[in-house]
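> One structure coming up, written as structure tokens, with questions to follow.
The values are calculated or read from the model by the stated rules, or taken from the named source; none is laboratory data. Since the structure is predicted, the reported quantities are computational estimates derived from the model, not experimental observations. No Cβ is skipped: glycine too gets one built from the backbone with ideal geometry, and neighbour counts run over all protein chains shown. Side chains included, ligands, DNA and RNA excluded: accessible areas come from the protein's heavy atoms. Shrake-Rupley method; radii C 1.70, N 1.55, O 1.52, S 1.80 Å.
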Amino acid sequence: MIARQTIRWLLFGLISMPLTTAHAAMPSPEPYMLVRSMRMLQDQVASGKPEALPMLNRVLGHIAEQLQAARPEVWSKPANVYAIFIYLLNGGNPEVVRTILTSANLGQVDPKLVAGSLAYADGDTLRIIENFQELPPNVPIELVASIYLVTATQLAGLDAGTALKRLDYIRLNAPGTLLEEAALRRGLMIAARLGDKDKVRLLARNYLQRFALSPYSEDFFRQLVDALMVIKDKISNAEIEELASLAWPGARLPFYLRIARGAIVDGDMQRARFASEQADALSTVLRTDDTQAKLYLAVSNVGSDKTGDARFMLSKLPRDRLHGRDVNLLEAAIVMANKILAQPIAGMDGLQQAPVAGSAIAIAEPGSAKAAPVNAVDPMIDETRKKLDAVDALLGRARK
């Protein structure tokens, strides 16, 4: 185990001195020391230290230079060979690693590790899975975790259960690292596709409690929303609210907005209404623009007994504050609301039509076959949908 002060000294030398000066002032550190310094910086990135990311980019460049200049005898030490595998699988320069793997004497290392790493450098998914399916004994935990991470997504399509177990291995054996941070993010959709609501909640809680400041947290929230859409029938609004409460308010707002829009696309107006109400309230607390939240809230009420209020709200929204896709959504919702309100109820002239409680209109997007039922006259439904065809063609499937 390298002392932490040694790694700090190494990092300082790599960052503060030109490469030629560094070579003149101190002997070249062994590859395993260089890679350990890289991993330490990556873990600082995961913890949210803002200075670590630009420093990491510089260190990666210096490590590539020093690996290229390494003496041939350093590759006789397995620790150094394992280190270049870790370097490659954690963002290292594939050309540098390919040159070493194809020219150095690596007879003491299992050929499948070499073949799998070369496949990774080449982007050959099938060969990666084939060579990394079973790992040889005595491989360092950090390398096992790195291999499991880079193969999890591809393996999930073949054996989701095994892929999730590999990500669990990372969480248990590399806590507090960038490897764990990435494993939590990548596990969300796998767990959701397995229908494991409790696992989704566990992974989300762990992430929000441990890596809320990670620069990759935006990707986490995208993955979480997609996972929640997959298990939408299994998870309650209260459970979603419990997860959201672990995030700081500025992260909760886009989280709820993504859920609201995704629910609208899916025709789940009850979930859209819940999420948009939460987003609207957060907009007030944060004193930020509430246009998007009010759009989704109004859309979720089209087709309910609040259709008239929804149409009024839609008509007042400033379009210049909306993305193009949301402008199209607004226009589609207005057309739908107008068609609903134009249909009187027999014997109740002058009164707004009041759909049966719980009914909703889904503002469909291309490719979406899901729409909530509408309690209205069938010809009106057909005519409305025909009118919306042209508008629907403009709408995108994005759920952000």
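> Could you check Glu241 against (1) within 25 Å of Ala332 (Cβ to Cβ); (2) among the acidic types (Asp, Glu); (3) open to solvent by 50 Å² or more (accessible area, probe 1.4 Å) and say which number it fails?
(1)
> Out of (1) at pLDDT below 95; (2) open to solvent by less than 20 Å² (accessible area, probe 1.4 Å); (3) within 23 Å of Ser214 (Cβ to Cβ), the odd one out for Gly250 is which?
(2)
> Take the residues of region 305-336 that are small (Gly, Ala, Ser) and more than 13 Å from Ser276 (Cβ to Cβ): which is nearest to the chain's Cα centre (by Cα)? Before the answer, list the steps.
At the first step, the residues of region 305-336 found to be small (Gly, Ala, Ser) are 308, 310, 315, 324, 332-333.
Right, trim to more than 13 Å from Ser276 (Cβ to Cβ) and you get 308, 315, 324, 332.
Details: Gly308: 37, Ser315: 34, Gly324: 23, Ala332: 29 Å.
Per the criteria, the residue is Gly324.
> Considering only residues that are assigned to a helix (DSSP H, G or I) and within 13 Å of Met336 (Cα to Cα), which ones fall in region 268-311?
Once the filter is applied, which keeps residues that are assigned to a helix (DSSP H, G or I) and within 13 Å of Met336 (Cα to Cα), region 268-311 yields Ala298, Val299, Ser300, Asn301, Thr307, Gly308, Ala310, Arg311.
> Moving on. Which of the residues that make up region 172-200 are open to solvent by 40 Å² or more (accessible area, probe 1.4 Å), assigned to a helix (DSSP H, G or I) and touching a residue at least 12 places away in the same chain (Cβ under 8 Å)?
Correct list: Asn173, Arg186, Arg193, Lys197.
> Can you pull out every residue in region 202-225 that is in contact with an Asp or Glu (Cβ under 8 Å, 6 or more places away or on another chain), surrounded by fewer than 19 Cβ atoms within 10 Å (Cβ to Cβ) and either within 19 Å of Ile259 (Cβ to Cβ) or charged (D, E, K, R) (or both)? Steps first, answer last, please.
Going residue by residue through region 202-225, those that are in contact with an Asp or Glu (Cβ under 8 Å, 6 or more places away or on another chain) are 207, 210-211, 214, 216.
Imposing the further condition that a residue be surrounded by fewer than 19 Cβ atoms within 10 Å (Cβ to Cβ) reduces the set to 210, 216.
Listed by number, the list holds a single entry, Arg210.
> So which helices (runs of 4 or more DSSP H) stay within region 1-70 end to end and still have 1 or more residues that are at pLDDT below 90 and loosely packed, with under 14 Cβ neighbours inside 10 Å?
Correct list: 4-16, 19-25, 52-68.
> Scan region 121-161 for residues that are in a helix (DSSP H, G or I) and surrounded by fewer than 16 Cβ atoms within 10 Å (Cβ to Cβ) and jot them down.
Within region 121-161, Asp122, Thr125, Leu126, Arg127, Glu130, Ile141, Thr153, Gln154, Gly161 meet the criteria.
> Please tell me if Glu130 is free of Cβ contacts under 8 Å to residues at least 24 places away in the same chain, out of contact with any Phe, Trp or Tyr (no Cβ under 8 Å at 6 or more places or on another chain) and not aromatic (Phe, Trp, Tyr).
Details: free of Cβ contacts under 8 Å to residues at least 24 places away in the same chain: yes; out of contact with any Phe, Trp or Tyr (no Cβ under 8 Å at 6 or more places or on another chain): yes; not aromatic (Phe, Trp, Tyr): yes.
Yes, satisfied.
> Six or more apart or on different chains, Cβ under 6 Å: which pairs go from a residue in region 152-164 that's closer than 13 Å to Ile128 by Cβ to one that's at pLDDT 95 or above? Could you list them?
Correct list of pairs: Ala152/Ala163; Ala152/Arg166; Ala152/Leu167; Ala152/Arg186; Leu155/Ala163.
> A further question on this structure: Hey, among the residues in region 265-316 that are among the hydroxyl-bearing types (Ser, Thr, Tyr) and open to solvent by less than 50 Å² (accessible area, probe 1.4 Å), which one's nearest to Glu241 (Cα to Cα)?
Here the answer is Ser276.
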